[in-house]
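S.K.: For reference, the structure I am asking about is given below.
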Amino acid sequence: MNCNSPLKRFLILTCCLVLCACQAAQTAAPAGPPAGAASTPSAEPGLLPPTAPPERVPLVVFAAGSLIIPFDHLEQAFEARYPYIDLLAEYHGSIQVIRHATELHESIDLIATADASLIPMLMYASLVPETGQPYATWYIRFASNRLALAYTDQSKYASEISADNWYSILSRRDVRTGLADPRFDASGYRALMAFALANDYYAQPTIFFNMFGGRFQRPVTIFQDDDLTTITVPEIIEPMANTGLVMRGASIQLIALLQSGELDYAFEYESVIQQHGLKMFSLPEALNLGAEDIDYSQVLVELDFQRFQSVKPEFRGERIGYGITIPSNAPHPAEAALFIAFLLGEEGRAVMVADQHPLFAQALADNFTNLPKELQAVCVPASVP
């Protein structure tokens, strides 16, 4: 075709006009949706949709360190069931857990301890400054455990330890033994109880002294009067250097020291030892504080100072029992009750069993009528703490 023909010139002009129109459309500001049309969220990264989703409800949980692994798994299952709740957990020794509420006045929705008796002792007796009400008026006793010794293949005398010599092995000064601080962690004062009970169990009255005598800057004392053995823990308790005794604020902190070889043995709960795949020496039932049909009340640990507002803590030997409650000033009590119901329900029980920490067949509630109505359906009244 001749380029100078009228038809050719028309086609070229038409193409130029189309190209100019396309370029103008690309550089112009984007138009909004047609009138009456629904707007759609932009697909570009970093842009918020027209209506942001509601914020998740933060559920703040303070719990004993021995509950870290099962509660972590419970958190995943619970949030899958209730995606609008964001469970935020923090773990300490059980006494320290309660101090965060009653002394440090932190905003906490739920408290779970490795010693249920701490809740009435320290929360019933302490008042919320803003309301004048007790920090708690009920608790649920939901699980037990057993005290045991954790160790590894590299631990000194690992091939020799037995039911007849474990206490003498731990008392050797070349053996590094880990203990939780009894001022902050229930497993710490329970380890002291186990050694006091061993005095009678093995009919060797020096077992406790051989283990702890000369190992603290200020002595932990033991006194036996008739049928009661009283252990007194001083306000300042620090292990002396080069005695083989290592102490941490929570028993869970001893696990890393065992795994790194810095400790030979540590007092832990059986569930924790199993969860971390460590070797375990099981204490006799008369000493492990976990048997249902054994009376451990012949031993008492008292803290020789008043750390709390109005209470001088003392702990009578009894079967290990974990306790859970909702503080009276909890910001989100309804969501906390949902978590407790989930824990005590079929799915929560399955999680705890999988993590070697089964629950009681029936959860026992102290001050049953004070419980939220929805929790009265998942436990029964307890006649004793």
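S.K.: Mind checking which residues of region 74-92 are more than 16 Å from residue 332 (Cβ to Cβ), within 13 Å of the chain's Cα centre (by Cα) and in a helix (DSSP H, G or I)?
M.R.: Across region 74-92, the qualifying residue is only 74.
So that you can scan it fast, the table gives a plain yes or no per residue for (1) under 26 Å from residue 254 (Cα atoms); (2) surrounded by fewer than 24 Cβ atoms within 10 Å (Cβ to Cβ); (3) touching a residue at least 40 places away in the same chain (Cβ under 8 Å):
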| site | (1), (2), (3) |
| --- | --- |
| 96 | yes, yes, yes |
| 105 | no, yes, no |
| 112 | yes, no, yes |
| 116 | yes, no, yes |
| 126 | no, yes, yes |
| 131 | no, yes, yes |
| 136 | no, no, yes |
| 142 | yes, no, yes |
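S.K.: Another question about this same structure. Only residues that are loosely packed, with under 13 Cβ neighbours inside 10 Å, more than 17 Å from residue 182 (Cα to Cα) and hydrophobic (A, V, I, L, M, F, W, C): list them for region 225-244, please.
M.R.: Passing the criteria: only 241.
S.K.: Would you mind stating whether residue 305 is more than 25 Å from the chain's Cα centre (by Cα), touching a residue at least 40 places away in the same chain (Cβ under 8 Å) and either more than 20 Å from residue 68 (Cα to Cα) or not in a helix (DSSP H, G or I) (or both)? Walk me through how you get there before you give the answer.
M.R.: Values: more than 25 Å from the chain's Cα centre (by Cα): yes; touching a residue at least 40 places away in the same chain (Cβ under 8 Å): yes; either more than 20 Å from residue 68 (Cα to Cα) or not in a helix (DSSP H, G or I) (or both): yes.
Here the answer is yes, as residue 305 does meet what is asked.
S.K.: Which of the residues belonging to region 143-165 are under 16 Å from residue 186 (Cα atoms) and not in a loop (DSSP other than H, G, I, E, B)?
M.R.: Taking region 143-165 first, the residues under 16 Å from residue 186 (Cα atoms) are 143-149.
Result: 143, 147, 148, 149.
S.K.: Sticking with this one: Would you mind finding the one in 380, 353 that is farther than 27 Å from residue 280 by Cβ and exposed (fewer than 15 other Cβ atoms within 10 Å of the Cβ)?
M.R.: Details: 353 fails: farther than 27 Å from residue 280 by Cβ.
Unique residue meeting the criteria: 380.
S.K.: For region 69-94, name all the residues that are out of contact with any Phe, Trp or Tyr (no Cβ under 9 Å at 6 or more places or on another chain) and touching a residue at least 40 places away in the same chain (Cβ under 8 Å).
M.R.: 69, 70, 73
S.K.: Confirm whether residue 297 is outside the structural domain of residue 359 (by TED's automatic domain parsing), modelled with pLDDT under 95 and in a loop (DSSP other than H, G, I, E, B).
M.R.: Here the answer is no, as residue 297 does not meet what is asked.
S.K.: What residue, among those in region 231-251 that are over 16 Å from residue 187 (Cβ atoms) and among the polar types (S, T, N, Q), is modelled with the lowest pLDDT?
M.R.: 242
S.K.: Residue by residue through region 180-214, note down the ones that are surrounded by fewer than 19 Cβ atoms within 10 Å (Cβ to Cβ) and in a loop (DSSP other than H, G, I, E, B).
M.R.: The answer is 202, 203, 204, 205, 206, 213, 214.
S.K.: Mind listing whichever residues of region 216-234 are touching a Phe, Trp or Tyr at 6+ places or on another chain (Cβ under 9 Å) and among the hydroxyl-bearing types (Ser, Thr, Tyr)? Quick ask: steps written out before the conclusion?
M.R.: Step one: of region 216-234, the residues touching a Phe, Trp or Tyr at 6+ places or on another chain (Cβ under 9 Å) are 219-220, 222, 229-234.
Result: 229, 230, 232.
S.K.: For region 372-382, indicate whether the set of residues that are of a type outside the set (D, E, K, R), in a strand (DSSP E or B), in contact (Cβ under 8 Å) with a residue 12 or more places away in the chain and closer than 22 Å to residue 148 by Cα is non-empty.
M.R.: Initially, region 372-382 is screened for residues of a type outside the set (D, E, K, R), giving 372, 375-382.
Imposing the further condition that a residue be in a strand (DSSP E or B) reduces the set to 379-381.
Still in the list and also in contact (Cβ under 8 Å) with a residue 12 or more places away in the chain: 379-381.
Of the ones still in play, those that are also closer than 22 Å to residue 148 by Cα are none.
Scanning region 372-382, I find no residue that is of a type outside the set (D, E, K, R), in a strand (DSSP E or B), in contact (Cβ under 8 Å) with a residue 12 or more places away in the chain and closer than 22 Å to residue 148 by Cα, so the answer is no.
S.K.: Next up: List every residue pair whose Cβ atoms lie under 6 Å apart, where the two residues are 6 or more positions apart in sequence or sit on different chains, the first residue falls within region 153-174 and is assigned by TED's automatic domain parsing to the domain that holds residue 201 and within 17 Å of residue 261 (Cβ to Cβ), and the second residue, located anywhere, is assigned to a loop (DSSP other than H, G, I, E, B) and charged (D, E, K, R).
M.R.: Note: pairs meeting the criteria are 155/264; 156/264.
S.K.: While we're looking at this one, here's another question. For the condition crowded, with 19+ Cβ neighbours inside 10 Å and outside any helix (DSSP H, G or I), what is the one hit in 222, 255, 273?
M.R.: Answer to the check: 222.
The values are calculated or read from the model by the stated rules, or taken from the named source; none is laboratory data. Being a predicted model, the structure only gives us computed values, none of them experimental. FYI the Cβ positions are ideal-geometry reconstructions off the backbone, even for glycines, and counts take in every protein chain you see.
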